[in-house]
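Read the figures in this text as sums done on the coordinates, not as results from a lab. Just so we're clear, the structure is a prediction, and the values are computed from it rather than from any experiment. Note: ideal-geometry Cβ built from the backbone for every residue, glycine included; neighbour counts use all protein chains shown.
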Amino acid sequence: MEYENLLLEKEKGLAIVTVNRIRALNSLNHETISELLGVFQELSDDPEVRVIILTGAGERAFVAGADIGELKLFNAEQGEKESRRGHELMHLIEEMPKVVIAAINGFALGGGCEIAMACDIRLASESARLGQPEVNLGVIPGYGGTQRLPRLVGKGKAKQLIFTGDVIDAREAHRIGLVEEVYPQAELMEKAKELAGKILSKGPLAIVAAKRCINDGLETDLASGCKEEIAEFRKIFGTEDKTEGTTAFLEKRKPEYRGK
């Protein structure tokens, strides 16, 4: 499938999705959200892809936010519809059986910060700027920002950022736990690929099961989360990957996983 606002590359289990609207600072208009829904569904169904890197074209923006000119025209009903589409995209990214790494190469504001938070791991360049500045426009985050931000940085800090609309730099984002690592701009994609390669070397079924346990566990009580972990642990012990992984370790060689 061809995309007008995205670039898609694939290489040895890795897919790189680049939001490519440089003149609009890679902002999320209706068409771009539709294309992102399409590409992430395509990658979710692709058995050859195990890790995805999401980034923005150019060096100024990851995703600068929603398209304000478009949002200005929405009434209440249209706003609800667009919010639901945004939530659908974030849920797809968060729950898909692939690891999604956000390579935040510039502004990640509003919807851009929200899509980064839906990813599994966030790496940022030193020039990155993140925030939920929607209150500056008289609106609130609409793609999950009020829910994911406090889960990542705590309720008080999330309220401070959302109520003030402040934009923070990459170092502050790292300090509060919004991003995992910060790198020089020139090294960001190389580091993201290194991380992807490390994940690709691990047992694929184990990665999928671990992601599911972590996500589900955060939405339930500890006992229920542990119960799910036991169930997933049991499933893994019935796989060829478990046999290969343990055998390779004992034989002091690299495992050759088949995802079975």
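Before moving on, here are some points about what is shown:
- Boolean, Asp216 is in contact (Cβ under 8 Å) with a residue 24 or more places away in the chain and not β-branched (Val, Ile, Thr): no
- Candidates Phe62, Phe40: the one that is farther than 20 Å from Ile207 by Cα, buried (at least 17 other Cβ atoms within 10 Å of the Cβ), under 19 Å from the mean Cα position of the chain (by Cα) and in contact (Cβ under 8 Å) with a residue 24 or more places away in the chain is Phe62.
- Which numbered condition Ala116 fails, given (1) among the hydrophobic types (A, V, I, L, M, F, W, C); (2) surrounded by 17 or more Cβ atoms within 10 Å (Cβ to Cβ); (3) in a helix (DSSP H, G or I); (4) in contact with a helix residue (DSSP H, G or I) (Cβ under 9 Å, 6 or more places away or on another chain): (4)
- In segment 177-188, the residues that are surrounded by fewer than 18 Cβ atoms within 10 Å (Cβ to Cβ) and at negative phi: Glu180, Glu181, Pro184, Gln185, Ala186, Glu187
- Yes/no for Val208 being touching a strand residue (DSSP E or B) at 6+ places or on another chain (Cβ under 7 Å), among the β-branched types (Val, Ile, Thr) and surrounded by 13 or more Cβ atoms within 10 Å (Cβ to Cβ): no
- Breaking point among (1) part of a helix (DSSP H, G or I); (2) in contact with a Ser or Thr (Cβ under 6 Å, 6 or more places away or on another chain), for Arg171: (2)
- Members of segment 123-162 found to be among the hydroxyl-bearing types (Ser, Thr, Tyr) and either part of a strand (DSSP E or B) or within 20 Å of His91 (Cβ to Cβ) (or both), listed by number: Ser125, Tyr143, Thr146
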